[in-house]
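I have placed the structure first, in the form of structure tokens, so that the comments after it can refer back to it.
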Amino acid sequence: MGGESSLSRVLAVFRVLLAAAILADLALWLPDFGFFFTNSGVLTLSGMVTDTQVGRDAFSLYNSCTYAIFPYLLFLATAIAAVALMVGYRCDLAAPALWVLELSLQNRVAIALDAWDCARLITLSAGLLMPWDRAWALRPSPRRAGHGWVAGLLLLAVWGATLLPHPGWVEDAAAFFALGPRAHPTADYWYVLVGVNKEGRRWNLHGHGDREPEFSRASSCPLGDSYREQLYLAGLRQDRNWGLRYWLAFRYFVDLGDRVRSVEVYQCQASGHRLFARWPMHGEIPPQGSATSPGNGG
Amino acid sequence: MLADLATRIPLFRIHYTDDGVLPRQLLYDNDALTFPSAYAMSGWEPYLGLLLLVHALVAVGLALGYRTRLCSFLSWYLTVSLQERMFMANNGGDKVLSSLLFWSMFLPWGEALSVDAGGRGREGKAGGAVCAILLMQPVMMYWVSVFHKMEPIWLRGEVLSYALQSDFYAYPLARTLLPYPLVLKVLSYATLLWEIVGPVFLLSPRPRIRAFGCAAFVVMHLGFGVFLRIGIFAFTPGLYMLAFLPSWIWESRPGRSVLAGTERALGRVRLAPHPSAWAPPRQVQAALVALFVYVTAIALSQDPRIGRLTPPRLDCIANLTGLYQRWSVFIDAPHIFDGWLVVEARLADGREVDLFQGHEPSRWGKPETPYHRHDSFRWPTPLVVITGNKQYQKPFVRALRLDWERDHPGDEVVWATLMLFQENPHLDYHATTVERTVLWEGNPR
């Protein structure tokens, strides 16, 4: 009895912490929500299903409807399910619902994920089988017989084993995938945005406007100072169309005023930098590979 | 539902996948997914196959009355999901089915002759606004249709003379009626007259008159189905007629034996019952009545003489319930879509084939049937949309290419030309002319 009680409490703590981690992640998505989840952003639904096989096959509730409000409603539902899990309210419904919603969210923004996202989903999968609402729960689920926690741990082990061959681990960006772009110990790609006015003067858009452009890693952060944007940009070199989408979304979401006539994007490494693309702030985007758009991708 | 699924399965890959004529990319580019469709959540074919299986199982569950409330909701949701994923392929029968499934979610139809009721027949009361809506939905359908038919082509009795010439919509059997314009005129007027008067029969308090009205509507739709490619529209309106049947039919000997047989069959089903007696509260009933009024307004608005009756921002209600309805039928009959398509393709080895008709070599002459390779009543409406909209033409040819290459491994299509041979119908059906138009050509990759 005492043993079961201790285990129940441990599982309850596990449940609360996992739900808190999911809520924290949702909070981090909020500033960039439109940028990543809407069709005005970098990851349009159309782009996701055409540009990558993963995007085409991946299951996501976000793929099912084109109403502008729909992604917001799903996001809200995810938060509600996470709160329900945290307080232990009908976890038999909240946990599977949260699993589907979290999977959908991650598949919707697959290019801007890291290992922590995978870990969260795997842990949530394991938790589905665990009796984690027997203690400290507002409304426990009907009791399940059996050692669900054992099955859950086994599932955790199996998923962990299958995660190891994930391409994020075996390619050159393994550390990046695991720890995020800021933690990468060696120079990977980063992007610097340079504004150009009508006189041809240039300056870093992120930083002070009165200096010549710098191409150091410190100058790399896009205007939103967003971790997720960096993940996205790291994926830019994988796909040439996504740079264009980044730019379309950038123009939609960021108002730089009339001073900036065009923006140059430089792809930088420790060994140097090169002009990645040049796009006007107004008017039509030039076709890929044209004189004013040197092309995307590495 | 099962019959509907059976009609869609042969064309599933070419209609419902990203390799088909309507890939999700087009839906997203046009903001055309106005219902959260389960069939759009993933393009992975095993997922779609599994979803179809679940869809079929839900239909079986509904038939058995097992977990009726859940199956009712899932039936409606999956059916509308399927319809919205490939909106081009829908016709009136689909709208009848989806509306019937929606209204029925609020009926206590699991409380008798169901696994949930223990297989027993029960005297149950099902009154209230929902029943009234169930009765008024077909009445609205026919009367709104009549309103749309107040057009010269119908009032002159000429509509069938044009409609039955269309090889897209009419079966070859329909051509046997074309030499008899008087018969066609009588049938046109009879259809119009019956759609005006017939609903009055359905609403009659006299059981025998109601029974006659039901039978006449069933026969009318079946008759349509003999000559026209209307698919499930030949029998789905008959489902609504069940609601009008007088009780003496069920109390008669044949009726009682049907009920008894159903009870015996359900008694053999080894599933635990999940009874749930639920009646929608008054507020919900009031909301449903308002919804029905709104849906009627939407249906009437399809007529340009009336124009929009509801604000555009409320369209989401009709879309999210799957109740968006349009009951205009052949009102533009002189311009009805008629002819045939040829998708002439050149293979890597130099051969020429028709990717749509399946002929090798391709032929431009009028085929015996316009859908030789993929014969289904689900083609006419998509083809009308595809031939009228440039953005759908390359995906259409691409889908046919993928389909061909899948069935003919080693054959690689290097070039294709989409041609429409349009026939312009005349009252004198002998005097049709044919125009050839190249709609698209190029490398369909």
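The values are calculated or read from the model by the stated rules, or taken from the named source; none is laboratory data. This one's a predicted model, so the numbers in the text were calculated from it and none came from an experiment. Note that each Cβ is placed from the backbone with ideal geometry, even for glycine, and that neighbours are counted across all protein chains shown.
Summary table
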quantity: Residue pairs meeting the criteria (Cβ under 6 Å; at least 6 apart or on separate chains; first at pLDDT below 95, in the stretch B:39-61; second acidic (Asp, Glu)); calculated: B:43/A:57; B:43/B:18; B:44/A:57
quantity: Candidate set: the stretch B:383-425, residues that are farther than 16 Å from residue B:353 by Cα and without any contact (Cβ under 8 Å) to a residue 60 or more places away in the chain; chosen: the one surrounded by the fewest Cβ atoms within 10 Å (Cβ to Cβ); calculated: B:390
quantity: Residues located in the stretch B:319-362, provided they are within 30 Å of residue B:191 (Cα to Cα) and touching a strand residue (DSSP E or B) at 6+ places or on another chain (Cβ under 7 Å); calculated: B:338, B:339, B:340
quantity: Residue within the stretch B:85-97 that is closer than 19 Å to residue B:233 by Cα, within 14 Å of another protein chain (Cβ to nearest Cβ) and surrounded by fewer than 23 Cβ atoms within 10 Å (Cβ to Cβ) present; calculated: yes
quantity: Yes/no for residue B:143 being out of contact with any Leu (no Cβ under 9 Å at 6 or more places or on another chain), more than 30 Å from residue B:357 (Cα to Cα) and among the aromatic types (Phe, Trp, Tyr); calculated: yes
quantity: Residues of the stretch B:12-50 that turn out to be in a helix (DSSP H, G or I) and more than 8 Å from chain A (Cβ to nearest Cβ), as a count; calculated: 12
quantity: Subset of the stretch B:255-300 [aromatic (Phe, Trp, Tyr) and part of a helix (DSSP H, G or I)]; calculated: B:292, B:294
quantity: Checking residue B:364 against (1) surrounded by fewer than 15 Cβ atoms within 10 Å (Cβ to Cβ); (2) touching a residue at least 24 places away in the same chain (Cβ under 8 Å); (3) touching an Asp or Glu at 6+ places or on another chain (Cβ under 8 Å); (4) within 30 Å of residue B:173 (Cα to Cα), the condition it does not meet; calculated: (3)
quantity: Positions within the stretch B:268-293 being surrounded by fewer than 16 Cβ atoms within 10 Å (Cβ to Cβ), more than 16 Å from residue B:114 (Cβ to Cβ) and among the polar types (S, T, N, Q), in sequence order; calculated: B:283
quantity: Yes/no for residue B:65 being surrounded by 20 or more Cβ atoms within 10 Å (Cβ to Cβ), more than 22 Å from residue B:379 (Cα to Cα), of a type outside the set (S, T, N, Q) and more than 14 Å from chain A (Cβ to nearest Cβ); calculated: yes
quantity: Identity of the residue in the stretch B:1-53, under 18 Å from the mean Cα position of the chain (by Cα) and of a type in the set (Gly, Ala, Ser), that ends up surrounded by the fewest Cβ atoms within 10 Å (Cβ to Cβ); calculated: B:6
quantity: Restricting the stretch A:56-82 to residues that are within 13 Å of chain B (Cβ to nearest Cβ), in a helix (DSSP H, G or I) and not charged (D, E, K, R), the residue that is farthest from residue B:85 (Cα to Cα); calculated: A:77
quantity: Test: residue in the stretch A:76-91 that is on the phi > 0 side of the Ramachandran plot and not small (Gly, Ala, Ser); calculated: yes
quantity: Residue match in the stretch A:107-118 (condition: over 16 Å from residue A:44 (Cβ atoms), within 14 Å of chain B (Cβ to nearest Cβ) and surrounded by fewer than 20 Cβ atoms within 10 Å (Cβ to Cβ)); calculated: no
quantity: Residue selected from the stretch A:111-126 under the condition assigned to a helix (DSSP H, G or I) and in contact with a Gly (Cβ under 6 Å, 6 or more places away or on another chain), by the criterion modelled with the lowest pLDDT; calculated: A:111
quantity: Test result for residue B:82, touching a Cys at 6+ places or on another chain (Cβ under 8 Å), within 14 Å of another protein chain (Cβ to nearest Cβ) and within 21 Å of residue A:58 (Cα to Cα); calculated: no
quantity: Selection status of residue B:70, more than 27 Å from residue A:45 (Cβ to Cβ), within 14 Å of chain A (Cβ to nearest Cβ) and surrounded by fewer than 22 Cβ atoms within 10 Å (Cβ to Cβ); calculated: yes
quantity: Residue tally, condition surrounded by fewer than 21 Cβ atoms within 10 Å (Cβ to Cβ), in a strand (DSSP E or B) and β-branched (Val, Ile, Thr), over the stretch B:304-358; calculated: 0
quantity: Residue that is modelled with the lowest pLDDT [pool: residues in the stretch A:33-52 that are within 14 Å of another protein chain (Cβ to nearest Cβ) and assigned to a helix (DSSP H, G or I)]; calculated: A:51
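Yes or no, residue by residue, for (1) modelled with pLDDT of 85 or more; (2) in contact with a Ser or Thr (Cβ under 9 Å, 6 or more places away or on another chain); (3) in a loop (DSSP other than H, G, I, E, B); (4) within 12 Å of chain B (Cβ to nearest Cβ):
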{"site": "A:24", "(1), (2), (3), (4)": "yes, no, no, no"}
{"site": "A:27", "(1), (2), (3), (4)": "yes, no, no, no"}
{"site": "A:31", "(1), (2), (3), (4)": "no, yes, no, no"}
{"site": "A:54", "(1), (2), (3), (4)": "no, no, no, yes"}
{"site": "A:84", "(1), (2), (3), (4)": "yes, no, no, no"}
{"site": "A:98", "(1), (2), (3), (4)": "yes, yes, no, no"}
{"site": "A:102", "(1), (2), (3), (4)": "yes, yes, no, no"}
{"site": "A:132", "(1), (2), (3), (4)": "yes, yes, yes, no"}
